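To start, the structure under review is shown below, and the notes come after it.
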Amino acid sequence: NSRPNKGGRRGRGQCARYPLYVDFSDVGWNDWIVAPPGYNAFFCQGECHFPLPQHLNSTNHAIVQTLVNSVNPEVPRACCIPTELTPIALLYLDEYEKVVLKNYQDMVVEGCGCR
Amino acid sequence: AESESGRRPPPPPGATSDDGDALARGRATPPHGLTRHVEGQLLGMFGLQRRPRPGPGAVVPPYMLQLYRALHGAHSGARDVGRPLDRLVARPASQANTVRSFHHDESAEHVPADSGDSTARRLLFNVSSIPDGEVITSAELHVYRERLSSPASAGLHRINVYEVLRPAAADGTPIARLLDTRVVHSGRSEWERFDVSPAAVRWAATKEPNHGLLVEVQHLDGGTPEKRRHVRIGRSLHAEAVAAAARDGASEGGDGGEGWPQLRPLLVTFGHDGKTRDEGTLLRPRPKR
C-alpha cells in the first residue's frame, strides 16, 4: 500500500490509480484459498480538479459538477472512483472441502476516473 | 469512516459501539465483533455461507490446478503456463464461471462382481453443495488410465460410462443409460474425460439423491489381471498396482509418486452463478491492459 504523493508527476493530488496488494495470508485465509496467495487489487485516490484531464474518462455530469464546484465550492467535486475493473480466478476449498475454481468479477482496478 | 455530514454511521450488527471508536483511534487489531462482521461480508461476496476449514487430508485434484494455471495465464497474457485453456475446457463449458470438482463417496461404493472380460464400478457423487442459483451447463467424469509396463499386455479397452437410473435389483442388474463411450489403447498414461452432462445437470437441478455413475471397462483382447489395472476406477485396483510395483522393485507408469487420492475418478461440473456478466466466463478472459 503506497500513499499517493502530493504534486509531482501526478500533480496536485489528481485522481489516479495506486498499488494495493491484498495478501490472503494476512487474514489467515491461505488455509482454504489454494491460489493465488494474493493479488494486486489497486485503488483510486485523488481529487478531481477543474479542468478534468481527458484520460480520466469523465462523464458529462462529472464535468458539469466540477465546473459548478469551481465557482461554488459548496457543491462537492466529482468522485475519484474505479471506472474499469477486471476479474480474477480463485482456486479454493469450500465449506464441504470441494475444490472450486471461480471467476470473480470486478476484483482488480484497471482504470480510475472522475464520476 | 465518517459521512460528509460529520455523523458517524451506525455500527454493524454484532459489533459494539466501542469497536468503531477503537478503530478510529488506530488500534492495531480490530475487535472480534467487527472482524467477524467484515469476514462475513467478504465470505458472502465469495458466495460462501461460512468460513471453510479444510482438514489436513484435503486434496486438490491436478486437473483443477492445471485449469487454474491455464486460466491465470490467459488472464495475464503469460506464456508457458502448461496446457492451453481450450484443451482443458470443452466448448460447452465456455459460458461457465464456476468449476467444481467432486470425488466419489467411497464408503457408498458398490463393487459389482468382475467378469473375465470387463471391470465395473458404480461411483456415487454428492453434488448437494452446488448452490441453488448456480446453473450447471456441462459436466465431465475424469478417469485416469496408466500405461501397462509389459508390451505383451498392451491392447484395446472400451470404457463405457452409464448413469444409473435404478440400482441393481435382486437379479443384480441395474437400470442404466449410456452417457459416453470410448475405445482406448493401454500404451499411454493419461486422463480420459467423459461427457456426463445430462446426468449432472439433472442432479444439480432436482437436488435429489442420485444413484451415481457406472464405469465399465471392457478388455477387448481378454482380461488378464494386469489389463484390469489399466483404468483406475477403484482403490483396490490401485493397491494391487502398488503392490505389484513393489514386488517388481520399481515404480512404473505415470504416477510420478502420486497415490490414489490424486488419481481417483473426478466429477467436474461447469456452471454459472448468474451474477456476473459475459466477460466473467472462463474462456473469455479479458486481456490485461
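The values are calculated or read from the model by the stated rules, or taken from the named source; none is laboratory data. The structure displayed is predicted, hence computed values, not measured ones. Positions of Cβ are backbone-derived with ideal geometry, glycine not excepted, and every protein chain shown enters the neighbour counts.
Computed quantities for the displayed model
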item: Scan of region B:46-68 for residues that are more than 12 Å from A:W32 (Cα to Cα) and more than 8 Å from chain A (Cβ to nearest Cβ), ordered by number; result: B:G57, B:P62, B:Y63, B:Q66
item: Top-ranked residue of region A:8-57 - restricted to ones that are assigned to a helix (DSSP H, G or I) and within 14 Å of chain B (Cβ to nearest Cβ), ranked as nearest to the chain's Cα centre (by Cα); result: A:H55
item: Any hit, region A:58-67, residues being surrounded by fewer than 19 Cβ atoms within 10 Å (Cβ to Cβ), more than 14 Å from chain B (Cβ to nearest Cβ) and in a loop (DSSP other than H, G, I, E, B); result: yes
item: Looking only at region B:135-162, and only at residues there that are among the charged types (D, E, K, R) and modelled with pLDDT under 90, the one that is nearest to the chain's Cα centre (by Cα); result: B:R145
item: Residue ranges of strands (runs of 3 or more DSSP E) in region B:126-196 with at least 1 members out of contact with any Pro (no Cβ under 8 Å at 6 or more places or on another chain) and loosely packed, with under 15 Cβ neighbours inside 10 Å; result: B:156-166, B:175-185, B:190-195
item: Index of the failed condition, A:V109 passing every other in (1) at pLDDT 95 or above; (2) facing chain B (nearest Cβ under 8 Å); result: (2)
item: Subset tally (residues that are assigned to a strand (DSSP E or B) and of a type outside the set (A, V, I, L, M, F, W, C)) for region A:68-115; result: 14
item: Search result, residues across region B:268-278 that are over 17 Å from A:L91 (Cβ atoms) and at pLDDT 80 or above; result: B:H272
item: Some residue of region A:74-86 being closer than 20 Å to B:Y68 by Cβ, facing another protein chain (nearest Cβ under 10 Å), in contact with a helix residue (DSSP H, G or I) (Cβ under 7 Å, 6 or more places away or on another chain) and of a type in the set (V, I, T); result: no
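Each row is one residue, and each column tells you yes or no for (1) in contact with a helix residue (DSSP H, G or I) (Cβ under 7 Å, 6 or more places away or on another chain); (2) modelled with pLDDT under 75; (3) surrounded by 15 or more Cβ atoms within 10 Å (Cβ to Cβ).
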position	(1), (2), (3)
B:P9	no, yes, no
B:P30	yes, yes, yes
B:H37	no, no, yes
B:G55	no, no, no
B:M64	no, no, yes
B:H75	no, yes, yes
B:A78	no, yes, no
B:V81	yes, yes, yes
B:R87	no, yes, no
